[in-house]
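A.B. asks: Pasting in a structure now, in structure tokens, and then I'll have a few things to ask.
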Amino acid sequence: MLNIFLIRSIKILLISNTLFFLFSCDQKDKLPNIIIIFTDDQGYGDLGCYGAKGFETPNIDKMAEEGILFTDFYVSQAVCSASRASLMTGSYSERVGVQGALSPWEVGGLDPKTYTIAKLLKDYNYKNGIFGKWHLGHREKYLPLQNGFDEYAGLICSNDMWPVGYDGLPINSGKKSYYPPMSFWEGNKPSNEIKNFDDQGQLTTKITELAIDFINRNKHSPFFLYVPHPMPHQPIAVSEKFKGKSELGLYGDVIMEIDWSVGEILKSLKTNGIDSNTLVIFTSDNGPWLNYGKWGGSAGPLREGKGTMWEGGARVPCIMRWPEQIKSGEVVPNIAATIDILPTIAEIIGENNLKQKIDGVSLLPLLQNELDADPRKELYYYYGEKLIAVRRNQWKLVFPHNYRSYENVQPGENLFPGPYGKGKAGLELYDLRNDIGERNDVVKLYPQIVKELENVGEKARIILGDKLTNRVGSESYETVCGFLPPVTKFSHLAVGKKITLENNAHIKYPGESDESLINGIGGTINYKDISWQGFESKDLIATIDLGIIKSINEVKVRFLQSQVFWIFLPKKIEIEHSIDGKNFEQLYEVSHDNDYSLVQDIFTFSTQFNRIKSRFVRVKAINMSKCPEYHPGAGRPSWIFADEIIVN
């Protein structure tokens, strides 16, 4: 009996394990591969299927024929890092704290605690790779491998952030460049230096080869492949195989090479037998850089370009292809955005409980061609934490603001930029269904619609804030997470005592309080930290009253150097002491040359002595007043930043 029982038990166990294995495999097979191809500064009119002239994009056009083409697809902001942060997080950048285009010397980045597409898919055992431009922070904790990706190779910043001029030659005009050499990174380290246009011309091919290799190695498991091309961001460059291919010239050549790249990626999916269950999304981070003229792309019928939240800056081409799920040949006029990609992926893989609140909505009903599907009815147009406009259905209400403009100025030629103009908008209403170019302001004709859209704007301000109206949002990054850096604390004799400044700190950088220099709290190398007191063109002269005569052994002063932000060390530092506050004796003096430096760091100047009796300590830090000749801001005001005077 025992043997029969054991045999039956073993059979049941084997059958159960087999069924579990088959079920698990079936579930795994149902998870689609995800590919996002994200170009840089490619305009709404820069694909054949969107009406491009002067070059052809047959692979992307075919992708549109086999999938969905969105006519009203948006980025959250028409600028690089903010746009990428929103793509990765499914949120307006005001919620996740990334603005503008992060420079190579930027000390911050996308908060590593923030939930992203890569982290979401990692929870479902996806293999995640990124090959191309990251631009969400270049210090190690912000890089892709620390934020959900298994593999990374590419650029950490925009391809114009290098010490090379528009002519392709090293900058050598007497003014120093504060851009470090640009490198192609592998993992957490730079590998090959990118020195010239020829090197940049190899980027599209190199990124494509890495992407295809990733697909080949991961065809048996679900993967997420993110391909953020550095092109066609200026300076544009192309490999020999595409030079002179287009009628338009170099810009057309660059787009044709990107189209080739898309074709190679789609071909590899078919070769590996995984084409039908792979969702491929093609879109751009913002509109075109129009002051480069024909070398800067086209917004088609749309108004303005990158750096503005007119349609030419915020509306971008978008195509999605997924043979197993998406009906071919669809053209979708519904409002959709990059912030909707994360929740779409979440619904596809069955994730119903996202770890953080987001602003996106799932587009899966549109992808599956559900009747009357319209998941997004409203959109906020933010730029630099300013609410520029809102959209509901066909109506867009623009709020009063100033903006840079490409209109009524002469664009540049031969890869050199032209100037920007200045634009000023009032309260304006546009019917985007009948006026895609935003030329006919109908604000006076539809007062009820204006009122409704103003309410939409007010809802945005309550949640995410608005610097145009000095509003702080209840759910903005600043409110929820704050910008407080790690605190450096000091315990010393001057904490809590009295300090007198001969010159007040600048209103933009006042420190935590009037006693900021003796409150026992220091800043980091980020000049935006609240601990720093900044002095523009003025000397820092501070006198500390310890209250009673004490024995002191040491005085230290901390200064920030960040020349790229016009912050220099004092040209001379003096430390003095006094018993009565009238007659001071010098204890220390040092001069500093302030030679050109890329170093961003905190420098401590100190003097030690043996138990001097004193009540008053005075620090004099002499400002250069003006930036030196080698600096891009030569002749303009220089700054001194200090955060603590330490008396022991």
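The values are calculated or read from the model by the stated rules, or taken from the named source; none is laboratory data. Quick caveat: nothing in here was measured; it's all calculated off a predicted structure. Heads up, the Cβs are rebuilt from the backbone with ideal geometry, glycines too, and the neighbour counts pull from every protein chain shown. Just the protein is used for accessible areas: all its heavy atoms, side chains included, with ligands, DNA and RNA removed. Shrake-Rupley method; radii C 1.70, N 1.55, O 1.52, S 1.80 Å.
A.B. asks: Full-extension gain between Gln356 and Glu515, please, as 0.36 nm times their residue separation minus the C-alpha to C-alpha distance.
C.D. replies: Using 0.36 nm per residue and subtracting the Cα-Cα distance, I get 53.4 nm.
A.B. asks: Additional query: Per q in 0.12, 0.30 1/Å, what log10 I(q)/I(0) does a Debye calculation on the alpha-carbon atoms of region 563-620 return?
C.D. replies: Computed log10 I(q)/I(0) values: -0.40, -1.30.
A.B. asks: Further question: Among bridges DSSP assigns within the chain, what percent are antiparallel (round to 5)?
C.D. replies: Given both bridge residues lie in the chain, the antiparallel proportion sits at roughly 75 percent.
A.B. asks: Report, in deg cm²/dmol and to the nearest 500, the calculated mean residue ellipticity at 222 nm for the chain, where each DSSP H run with n ≥ 4 adds -39500 (n - 2.57) and the sum is divided by the residue count. Write down the numbers at each step before the final one.
C.D. replies: Details: 13 runs with 137 residues, N = 648.
When only DSSP H runs of four or more count, the value is -6500 deg cm²/dmol.
A.B. asks: Another question about this same structure. Determine the shape class of the chain: with a ≥ b ≥ c the square roots of the Cα gyration tensor eigenvalues, call it rounded for a/c under 1.5, and otherwise prolate if a/b is greater than b/c, oblate otherwise.
C.D. replies: Since a/c reaches 1.5 and a/b is larger than b/c, the shape of the chain is classed as prolate.
A.B. asks: Label region 388-485 by shape, choosing from rounded, prolate and oblate, from the square roots a ≥ b ≥ c of the eigenvalues of the Cα gyration tensor; if a/c is under 1.5 it is rounded, and otherwise prolate applies when a/b is larger than b/c, oblate when it is not.
C.D. replies: Because a/c hits 1.5 or more and a/b fails to exceed b/c, region 388-485 counts as oblate.
A.B. asks: Working from Cα positions, state the angle (0 to 90°, nearest 10) between the long axis of helix 203-217 and the longest principal axis of the chain.
C.D. replies: 60
A.B. asks: Something else now. Can you put Arg461, Arg84 in order of accessible area, largest first, using a 1.4 Å probe?
C.D. replies: Reading off the accessible areas and sorting them downward yields Arg461, Arg84.
A.B. asks: Using the alpha carbon gyration tensor of region 81-122, what are the three equivalent-ellipsoid semi-axes (square root of 5 times each eigenvalue), largest first, in whole Å?
C.D. replies: After diagonalising the Cα gyration tensor, the semi-axes are 18, 11, 8 Å.
A.B. asks: On to the next question. What is the magnitude of the charge dipole of the chain about its Cα centre, with +1 placed on the Cβ of each Lys and Arg, -1 on the Cβ of each Asp and Glu, and no other charges, expressed in debye to the nearest 20?
C.D. replies: 1360
A.B. asks: Then there's this: Quick one: Cα centre-to-centre distance for region 480-534 and region 86-137, in angstrom?
C.D. replies: Centre-to-centre distance over Cα atoms comes out at 30 Å.
A.B. asks: Need the list of aspartates and glutamates near Lys444 for cross-linking: C-alpha distance under 15 angstrom, and skip anything on the same chain fewer than eight residues off.
C.D. replies: Filter leaves Glu428, Asp431, Glu452, Glu454.
A.B. asks: I would also like to ask the following. Under unit Cβ charges (Lys, Arg +1; Asp, Glu -1), what dipole magnitude, rounded to 20 debye, does region 334-475 have relative to its Cα centre?
C.D. replies: 540
A.B. asks: Above 19 angstrom, tally the Cα pairs of region 83-158 and express them as a % of all pairs, no decimals.
C.D. replies: Summing the P(r) tail past 19 Å for region 83-158 gives 28 percent.
A.B. asks: Which links in Lys141/Lys243; Lys62/Lys189; Lys176/Lys538; Lys355/Lys377 stretch past 31 Å when you go from one Cα to the other?
C.D. replies: Numbers: Lys141/Lys243 38 Å; Lys62/Lys189 37 Å; Lys176/Lys538 24 Å; Lys355/Lys377 24 Å.
Those over the limit are Lys141/Lys243; Lys62/Lys189.
A.B. asks: Return the subset of Lys195/Lys241; Lys498/Lys620; Lys53/Lys133 for which the Cα-Cα distance in this structure is over 22 Å, preserving the input order.
C.D. replies: The answer is Lys53/Lys133.
A.B. asks: Also, quick follow-up: For the pair Arg392/Tyr630, report the inter-label distance in nm, with labels modelled 7 Å from Cα in the Cβ direction.
C.D. replies: Roughly 5.8 nm, to one decimal.
A.B. asks: On to the next question. Once the piece of chain linking Tyr446 and Asn188 is laid out straight, how much longer is it, given 0.36 nm per residue of separation minus the C-alpha distance between them?
C.D. replies: In short, 87.4 nm is gained.
A.B. asks: If you line up the long axis of helix 447-464 against the longest principal axis of the chain, both from Cα atoms, how many degrees apart are they, to the nearest 10?
C.D. replies: That works out to roughly 60 degrees.
A.B. asks: Given the options Leu155, His229, Thr116, identify the residue whose Cα lies farthest towards the positive end of the charge dipole of region 86-240 (+1 on Cβ of Lys, Arg; -1 on Cβ of Asp, Glu).
C.D. replies: Most positive-ward Cα: Thr116.
A.B. asks: Choose one of Tyr596, Tyr630, Ile640: the residue whose Cα lies farthest towards the positive end of the charge dipole of region 568-648 (beta-carbon charges +1 Lys, Arg; -1 Asp, Glu; about the Cα centre).
C.D. replies: Ile640
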